1. Take segment 100-139 and flag every residue that is in a loop (DSSP other than H, G, I, E, B) and not small (G, A, S).
2. Criterion first (surrounded by 14 or more Cβ atoms within 10 Å (Cβ to Cβ), modelled with pLDDT of 95 or more and within 20 Å of L56 (Cβ to Cβ)) does V140 satisfy it?
3. Which one of these is among the aliphatic types (A, V, I, L, M) and either over 30 Å from P21 (Cβ atoms) or in contact with an Asp or Glu (Cβ under 8 Å, 6 or more places away or on another chain) (or both): L45, L71, L122?
4. Need pairs with beta-carbon distance below 8 Å; first residue over 16 Å from S70 (Cβ atoms) and within segment 86-111, second of a type in the set (K, R) and surrounded by 13 or more Cβ atoms within 10 Å (Cβ to Cβ); sequence gap 6+ or separate chains.
5. Assuming D128 fulfils every condition listed in (1) out of contact with any Lys or Arg (no Cβ under 9 Å at 6 or more places or on another chain); (2) under 16 Å from Q38 (Cβ atoms) apart from one, which condition is it?
6. In segment 87-99, what count of residues is obtained for those that are part of a loop (DSSP other than H, G, I, E, B) and within 16 Å of W30 (Cβ to Cβ)?
7. Among the residues of segment 46-64, is any acidic (D, E), touching a strand residue (DSSP E or B) at 6+ places or on another chain (Cβ under 9 Å) and part of a loop (DSSP other than H, G, I, E, B)?
8. Go through segment 112-129 residue by residue and tally those that are modelled with pLDDT under 95 and in contact with a Pro (Cβ under 7 Å, 6 or more places away or on another chain).
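The values are calculated or read from the model by the stated rules, or taken from the named source; none is laboratory data. The structure presented is a predicted model; accordingly, all values stated were derived computationally and were not measured. With ideal geometry, Cβ positions are generated from the backbone for all residues, glycine too; neighbour counts draw on all protein chains shown.
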Amino acid sequence: MLKYLNFSIALCFFNIAWAGPYDPIVSRAWVGETVPGQTTATLQLNVTTVKPVTLLTVSSPAAEAIEIHSLTKHKGVLQPLVVNNLHLREHSTVIFGSKGLFLMMTGIKQQLNTGDKIPVSLVVEFADRQSKTISAVAEVKKMELSYKHYGPNEVYDHR
C-alpha cells in the first residue's frame, strides 16, 4: 500500500499524467509564454509508453488545434510536415520538441502568461483498436528572447 501511495505522490509532484498500467505517461509538458496577438506556439512534452500505441490527436481548450509536426529534409531544406497520427513503439519515450518532432498550437485563444496552467488531452489508440484519452497539464514558462541571427559565417546581434 505504501509503495502505491509513494508512486501517486511522485506522479503529482512531477506533473505527470498517468491513468492505468499500460497507458502512456505524459510528463514535462510546457509551453512558452506568448506576446499579445501571437496565435501559435509549440507545446513541449514527453510521452512514455509501455505498450505500442498510436497518437491520434492532441487538443487543448487554449487553442483551436494542436498539430503533430515532423521535420523532413526536402531538397536539402528542412520543412515541417503535418502528421495525421504517430505510432509510438513499446517501452520508449518520445520527446516532442527534439529530433524533428514537435506539437504546434494554432489559433491560440488568449495570451499565455508565465505560470498559467493549460489543460492538454492526448487521444491514443492501442493495438486492439481501443482508444483512450490521456489528460495532462502544461505549464506556461518564461521565454528568453534572442536577438541573435546566424548568417553563413558570423553572428549578427541587432540590439
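1. Answer for segment 100-139, where residues must be in a loop (DSSP other than H, G, I, E, B) and not small (G, A, S): K109, Q110, Q111, L112, N113, T114, D116, D128, R129, Q130.
2. Taking the combined requirement at face value, the residue does not satisfy it.
3. Step by step, each of L45, L71, L122 is checked, and only L71 is among the aliphatic types (A, V, I, L, M) and either over 30 Å from P21 (Cβ atoms) or in contact with an Asp or Glu (Cβ under 8 Å, 6 or more places away or on another chain) (or both).
4. So the pair list comes out as E90/K51.
5. That leaves (2) as the condition not met.
6. Adding up the residues that qualify gives 1.
7. No, because not a single residue in segment 46-64 is acidic (D, E), touching a strand residue (DSSP E or B) at 6+ places or on another chain (Cβ under 9 Å) and part of a loop (DSSP other than H, G, I, E, B).
8. 1
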